[in-house]
Structures are given as C-alpha cells and as structure tokens.
Amino acid sequence: MSIFSIAIHGGAGTLVKGLMTKELEAQYRDALKVAREAGYNVLKDGGSAIDAVETSVRFLEDSPLFNAGKGSVFTAEGTHEMDAAIMEGENLEAGAVSLITGIKNPIALARDVMDKSYHVFLAGEGAMKFAEDQGYEVESPNYFYDEIRYKQWQGIKDSDNFQLDHSVKKDGKFGTVGAVACDQNGNIAAATSTGGMTNKKWGRVGDSPMIGAGNYANNKTCAVSCTGSGEFFIRGVVAYDVSCLMEFRDLSLEDAADEVINKRILEIKGDGGLIAVDAKGNIAMPFNTEGMYRACKSSNGREEISIYK
Ligand code: ASP
C-alpha cells in the first residue's frame, strides 16, 4: 500500500490579517477540517482519489464561506454563474462545466460529464440541459445568496472592473475551492469549483474549469488545482505547466509547483496559488498572495490547516 494524501484549498488572495476576526478564522479552519477529513476518510477506507476529491469539494461548495456552490460571487447581471472541473490521472479522464446556474454541487455535474457523457466540457444552456437530463434539481438564486458577496458586487457593479472575491476590499472572503488526492493504489485526481470573479460579464470563463489551466491530473506527474486571477492562470497554462516541468525537466513536485507560482506566473503578474500531489503522496501548496486557505493530510503523518504564509 502506498502513502495516501489529500490537500484542499479555499482560495488565495490578499487577506489582511488584522481584518480577520478570531471567530471567523475558526469558522474557516473548521470548514477546511471537515472537508479535508471527509476526503481523507475516503482514501483511508481504500476509496479512489477521484471519489476523495469530489467528496471534499462538495463539502466546500456547501459552505457559504467559500466562492463555490452556496456563497458564489455575483456576476455583472446579479446572477451566479459557476464553473467546475474534475480529472483523474490514471486514464486522463476528465469532466468540466462552465456558466451553469442553480446547481448546488457543480463538481458533481462535472463528474457526471466525465462518467456519463461522451464529452469533456459542457457550457451554459447545453450544460444545464445535460443537468436536467441527469435529474438535477435547479435551486432558486436564494440558495446561493451571501450578504458579503452581495456587498462586494454592489461596490463595483457600475464599473467595468471585475475582481477576485477577496482581493480589493481585503475583507477576508476567499474563494474558489479545490482538492487533490493520491489514493492507496497510487492513483491521483484533482477537482476545482468556483463562482468565478465578482462582476464578471460577457460569459467570462476562468481557469478553474479549463483542463490544464486551473485543474489537471496525470499519474506520471501530478494532480493540481489552482486559485487566483484566472486570466493569468489560463495564459500560463499553470496546472499543465507544473506537470510539464516534472515530466520534461525532471523537477520534484515541490520545485515544479514553486517555479510556476513564484516565478513563471509572477513574470506575467499573475496572483494566486495551487495545491498539488504526486503519485507518491507528496504534497505542495505554494501561493504568491498574502494567504491561501489550505489544508492537507497524509498517511505519512503530515497534517496542516493554514491561512497565511
Ligand atoms: N480562479 C478563479 C477564476 O478566475 C477565481 C479564484 O480562484 O478565486 O474564476
């Protein structure tokens, strides 16, 4: 049996320590712990990496603290448009959805695209038709409402600006969620889910649902889930770049992840971070912002729940 590990994130950004209350921090830590344990238990019971990452991400989507599922940010039209992707590293199977509305757990829909359709990536109306065919309930906008996200949107809604849900106001609300895992068989997987960026318009799609940009898994190298300003992560093809540095330059997981987040993405002024595992159960969680909600646990004894550097 090989070492099994899981890492999760709840978004990276400019969180100012002084503005975070003890109570709120405790809530974030609790939510991260619950999501991490849920995924870790799947692995401990011999379950697959893909089931573990889906399980953890569902918990994070159900928490209004994070910008995914319940608590997703507002678009310029005052709606919620969510993106998600999931991928497994054994056969490179993947599923992704974008611009979906009213779906409680976008990561489950991405998984269904992977398992139950011949396609990889469904968007907008078509993705919603697929969800309907699969028997998904469509929740009312009230389910996704979060007062802080609403206020953030009110603050910039009449401008052309769009922003990370936590970036300008520095109010401690981080966003996008993700999980990566390595199971007892040495198979790895990645899952990412997000409401995107506040005040986004014109059908803007971020990096999160794009295979290779915000989410990627390959047993030969690594499983990666990203968070940050998606435009830079798309241009940097970040998740796949980490994999390429391991495959073609023989870098370790730690060095490859660090090179991408603290060098290559910075060169194009990209802000954010990522979580990654390899098939030996190693974990990396670099970020170039002030903080990243993150947690990990490995059967080798490594265990962490952190927010700041
Ligand atoms: N990467 C996400 C996006 O651009 C945002 C985030 O990570 O918070 O949609």
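The values are calculated or read from the model by the stated rules, or taken from the named source; none is laboratory data. Quick caveat, the model's predicted, so the values are computed rather than measured. Because the Cβ atoms are built from the backbone with ideal geometry, glycine has one as well, and the counts that use them run over all protein chains shown. Calculation scope for accessible area: heavy atoms of the full protein, side chains included, ligands and nucleic acids excluded. Shrake-Rupley method; radii C 1.70, N 1.55, O 1.52, S 1.80 Å.
Taking Ala52 as meeting all but one of (1) out of contact with any strand residue (DSSP E or B) (no Cβ under 7 Å at 6 or more places or on another chain); (2) in contact (Cβ under 8 Å) with a residue 24 or more places away in the chain; (3) assigned to a helix (DSSP H, G or I); (4) not β-branched (Val, Ile, Thr), write down the number of the exception.
Result: Ala52 passes all but (1).
Among the listed residues Thr227, Thr176, identify the single one that is within 9 Å of the ligand (Cβ to nearest atom), within 23 Å of Gly155 (Cβ to Cβ) and modelled with pLDDT of 95 or more. Lay out the reasoning, then the answer.
On the way: Thr176 fails: modelled with pLDDT of 95 or more.
Result: Thr227 is the single residue among Thr227, Thr176 that is within 9 Å of the ligand (Cβ to nearest atom), within 23 Å of Gly155 (Cβ to Cβ) and modelled with pLDDT of 95 or more.
For the structure I just gave you, tell me whether Phe233 is surrounded by 19 or more Cβ atoms within 10 Å (Cβ to Cβ) and of a type in the set (Phe, Trp, Tyr).
Working: surrounded by 19 or more Cβ atoms within 10 Å (Cβ to Cβ): yes; of a type in the set (Phe, Trp, Tyr): yes.
Against the criterion (surrounded by 19 or more Cβ atoms within 10 Å (Cβ to Cβ) and of a type in the set (Phe, Trp, Tyr)), Phe233 qualifies.
Pick out, from the range 196-309, the strands (runs of 3 or more DSSP E) lying fully within it that include 3 or more residues that are in contact with a Cys (Cβ under 7 Å, 6 or more places away or on another chain) and in contact (Cβ under 8 Å) with a residue 60 or more places away in the chain. Before you say what the answer is, go through the steps one by one.
Numbers: elements: 215-217, 223-228, 272-277, 291-298, 303-308.
Strands (runs of 3 or more DSSP E) meeting the threshold: 272-277.
So if I check each of Ile103, Ile148, which one is open to solvent by 60 Å² or more (accessible area, probe 1.4 Å), within 17 Å of Phe74 (Cα to Cα) and in contact (Cβ under 8 Å) with a residue 24 or more places away in the chain? So that I can check it myself, show each step before the final result.
Values: Ile103 fails: open to solvent by 60 Å² or more (accessible area, probe 1.4 Å).
Answer to the selection: Ile148.
Of (1) modelled with pLDDT of 95 or more; (2) open to solvent by 60 Å² or more (accessible area, probe 1.4 Å); (3) at positive phi, Phe121 satisfies all except one. Which?
Of the numbered conditions (1) modelled with pLDDT of 95 or more; (2) open to solvent by 60 Å² or more (accessible area, probe 1.4 Å); (3) at positive phi, the odd one out for Phe121 is (3).
Just checking, does the range 16-24 include any residue being within 16 Å of the ligand (Cβ to nearest atom), of a type in the set (S, T, N, Q), assigned to a loop (DSSP other than H, G, I, E, B) and farther than 22 Å from Asp112 by Cβ? Reasoning before the result, please.
Initial filter on the range 16-24 (within 16 Å of the ligand (Cβ to nearest atom)): none.
No, there is no match, as no residue in the range 16-24 is within 16 Å of the ligand (Cβ to nearest atom), of a type in the set (S, T, N, Q), assigned to a loop (DSSP other than H, G, I, E, B) and farther than 22 Å from Asp112 by Cβ.
Given the criterion closer than 15 Å to Ser225 by Cβ and within 20 Å of the chain's Cα centre (by Cα), identify the matching residue among Ala49, Ala31.
Details: Ala31 fails: closer than 15 Å to Ser225 by Cβ.
Checking each option against the conditions leaves just Ala49.
Out of the range 194-209, which residues are more than 10 Å from the ligand (Cβ to nearest atom) and either of a type in the set (A, V, I, L, M, F, W, C) or open to solvent by less than 10 Å² (accessible area, probe 1.4 Å) (or both)? Walk me through it before giving the result.
Of the residues in the range 194-209, the ones more than 10 Å from the ligand (Cβ to nearest atom) are 199, 201-203.
Once the filter is applied, which keeps residues that are more than 10 Å from the ligand (Cβ to nearest atom) and either of a type in the set (A, V, I, L, M, F, W, C) or open to solvent by less than 10 Å² (accessible area, probe 1.4 Å) (or both), the range 194-209 yields Asn199, Trp202.
Regarding the range 59-75, can at least one residue be identified that is in contact with a helix residue (DSSP H, G or I) (Cβ under 6 Å, 6 or more places away or on another chain), assigned to a helix (DSSP H, G or I) and open to solvent by 20 Å² or more (accessible area, probe 1.4 Å)?
Within the range 59-75, one or more residues are in contact with a helix residue (DSSP H, G or I) (Cβ under 6 Å, 6 or more places away or on another chain), assigned to a helix (DSSP H, G or I) and open to solvent by 20 Å² or more (accessible area, probe 1.4 Å).
I need a count of the residues in the range 231-240 that are touching a strand residue (DSSP E or B) at 6+ places or on another chain (Cβ under 8 Å) and within 12 Å of the ligand (Cβ to nearest atom).
First, the residues of the range 231-240 that are touching a strand residue (DSSP E or B) at 6+ places or on another chain (Cβ under 8 Å): 232-233, 238-240.
With the extra rule that they be within 12 Å of the ligand (Cβ to nearest atom), the set shrinks to 232-233, 238-239.
Of the residues in that region, 4 qualify.
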